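To start, the structure itself, in structure tokens.
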Amino acid sequence: MNQDRLLAWIHSLGAWGFAGFILLQAIQVVAAPIPGEATGILGGYLYGPVVGVVLSTMGLTIGSFLAFSLSRFFGRPLADKFVDAKTMERFDYLLHHKGAFLVFLLFLIPGFPKDYLCYILGLGHLTALEFLSIATTGRLLGTLLLTLGGTFLRNHQYYRFFLLSGAAVVVVFLTIAYRDRLERFFQGLHERHLRKKGK
């Protein structure tokens, strides 16, 4: 949980540092011991923008697929252990929807519980390949922004870091403020899809 201890742990791995960081990113998706924002920034701080994005994407993809696969294999009882009832109810419509583009939009939007979505989607109709494609590309923008933030800190570019952080905070607050409208919009898309399919 402590940044200095995390840095020391990663550096202590030496040549295995890459694997250690990938493992850290994967674990934070599956079990969420630390916020994903912190590990994303850490990737940029340790490895710079290019390597940081690559390693973070690898770890997030592995973690997302593990959560998806565990939920698919063990079913609702396991998903309920990781996803609270309120969140499960909010996104229940995804269990009956096979529209990959709708799920991709949810992964793109800041503030949406992407780690929880991995467990929820494991109960739905998406294939493993569809899920992997969505989880990897849908998280990419957020990963890039977090890694850039870490790179700015590494290079002592504090003005750029706070500018980027400020913009991200504004976007997240707007998402929270209009969350209900966004969810109603997505549910409307789902209902129209069902009506069209019924025809």
Item to complete: Compute the length gained on full extension between ALA85 and ALA167: take 0.36 nm times their separation in residues and subtract their Cα-Cα distance, giving the result in nm to one decimal.
Response: 26.4 nm
Worksheet item: Percent of alpha carbon pairs in the stretch 9-130 separated by more than 20 Å?
Response: 44
Worksheet, complete the sentence: Taking the convex hull of the alpha-carbon atoms of the stretch 59-157 and averaging its shadow over every direction gives an area in square nanometres of 6.6
Worksheet item: Exposure proxy check: LEU121, LEU42 ranked by fewest other beta carbons within 10 Å?
Response: LEU42, LEU121
Discussion item. Between ALA128 and VAL50, what is the label-point separation in nm under the 7 Å Cα-to-beta-carbon projection?
Written reply: 3.2
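Read-outs: derived from the displayed coordinates by stated rules, not from any lab. It should be emphasised that the depicted structure is a prediction, and the values quoted were computed from it without experimental measurement. In this analysis, Cβ positions are derived from the backbone assuming ideal geometry, glycine residues included, and neighbour counts consider all displayed protein chains.
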